[in-house]
Structures are given as structure tokens and as C-alpha cells.
Amino acid sequence: MSLLAAIAVVAIQAAPDPAQVQIVAVLDELERASSTADEAAYFALFTPDARFVGTDATEHWDMAQFRAFAEPYFQRERAWSFPATERVITVADIDCRCIAWFEEKLASAHYGETRGSGVMRKTAEGWKIEQYVLSFAIPNDRSDAVVAAVRGTSAP
């Protein structure tokens, strides 16, 4: 392989995946919309049949339920803020390149490090969130105490 051909291969491999770039933009917009209480922009990022799974065991909502829960938060100056500190995005290796999943480490002033993960689908309007799961990042050496607190028992 010539040097020029090798440089071309490296340049092609180094080019960002357009789908991943678009997905990052959606996830960044999700954070912007929530931290500025832009309810319309926030919910426009989800598919109509999306699911949101929150940190509480009771928080497993369709979009109508989630929007009803979130509405009071969006009446304030800011709803919530969970900026990403790390992300991994995988676009399914299928012909349409229309399904992707992501995981992200999030920073929260209230909760500390949390995690977000989910599934996205490419629609006629662009990438939309099909499912979003927000979870706490609990260190394993503290999990017994957390489990005990959830059960309402004393830690071992």
C-alpha cells in the first residue's frame, strides 16, 4: 500500500460516524432542554411511544405519564441537569443504521454520579429516544447499605 493510500485509509477511519454525531447532538439537546426548562424541545426528542425509566422502582412511564410527572419541574427556571461526562454510542450494524443504544456517565449536583442509558431510533424527523433509563451509580462496597435502606432493614 502506498503512503498516500495509507493516509487515505487513516483519514477515512478517523472520520466521525455521522449517526453518532447526530445522536450526540440529540443527547446534548436533551440536557440543554431540561436545564433550561424547555419542555417542548425536551419531549420532542422522544418517540411518541417512548418509555422513561427513572431511579425509583415506580418510575416506569410512557410519554404521557412522564410528561405529567415532569410538568411541574418544567414550570421552573430549570427542570433538572444531568450533563454527560462520558458517553458510549453504538449504532446497530444493520443496513438501515436506524437503531442505536447509548450509555453515559452523568454528573448531578443533587445525586452525584448517575448513569443514563437507552435506545434510539432514526425516524423521518431524525434520531429520537425510544427508551431512556436513569440510574444511580452505587459503589459495590456500599450496595449492602443501599439494599438495606430500600428494604427498610438494618445493614449487615
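Here are the numbers for the structure shown:
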item	result
Lone qualifier among R87, R121, R78, R142 - being over 28 Å from R32 (Cα atoms) and among the basic types (K, R)	R142
Residue within the stretch 86-97 that is surrounded by 17 or more Cβ atoms within 10 Å (Cβ to Cβ) and either within 30 Å of A41 (Cβ to Cβ) or within 10 Å of the chain's Cα centre (by Cα) (or both) present	yes
Boolean, A70 is touching a helix residue (DSSP H, G or I) at 6+ places or on another chain (Cβ under 7 Å) and surrounded by 14 or more Cβ atoms within 10 Å (Cβ to Cβ)	no
Members of the stretch 28-50 found to be farther than 15 Å from K128 by Cβ and touching a residue at least 40 places away in the same chain (Cβ under 8 Å), listed by number	E31, S34, S35, T36, A37, E39
Count - residues of the stretch 84-102 that are assigned to a strand (DSSP E or B) and without any contact (Cβ under 8 Å) to a residue 60 or more places away in the chain	7
Residue within the stretch 127-137 that is in contact with a Phe, Trp or Tyr (Cβ under 7 Å, 6 or more places away or on another chain) and open to solvent by 40 Å² or more (accessible area, probe 1.4 Å) present	yes
The stretch 113-129, residues that are more than 16 Å from G54 (Cβ to Cβ) and in contact (Cβ under 8 Å) with a residue 24 or more places away in the chain	E113, M120, R121, K122, T123, G126, W127, K128
Complete set of residues in the stretch 37-61 that are in contact with a Lys or Arg (Cβ under 6 Å, 6 or more places away or on another chain) and either open to solvent by 30 Å² or more (accessible area, probe 1.4 Å) or on the phi > 0 side of the Ramachandran plot (or both)	A37
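Every residue, every condition in (1) part of a loop (DSSP other than H, G, I, E, B); (2) closer than 24 Å to P18 by Cβ, yes or no:
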| residue | (1), (2) |
| --- | --- |
| T58 | yes, no |
| R78 | yes, no |
| F82 | yes, no |
| H110 | yes, no |
| M120 | no, yes |
| W127 | no, yes |
| L134 | no, no |
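The values are calculated or read from the model by the stated rules, or taken from the named source; none is laboratory data. Since this is a predicted model, take the numbers as computed values, not measurements. Here the Cβ is made from the backbone with ideal geometry for all residues, glycine too, and neighbour counts use every protein chain on show. In case anyone asks, the SASA skips ligands and DNA or RNA and just uses the protein heavy atoms, side chains included. Shrake-Rupley method; radii C 1.70, N 1.55, O 1.52, S 1.80 Å.
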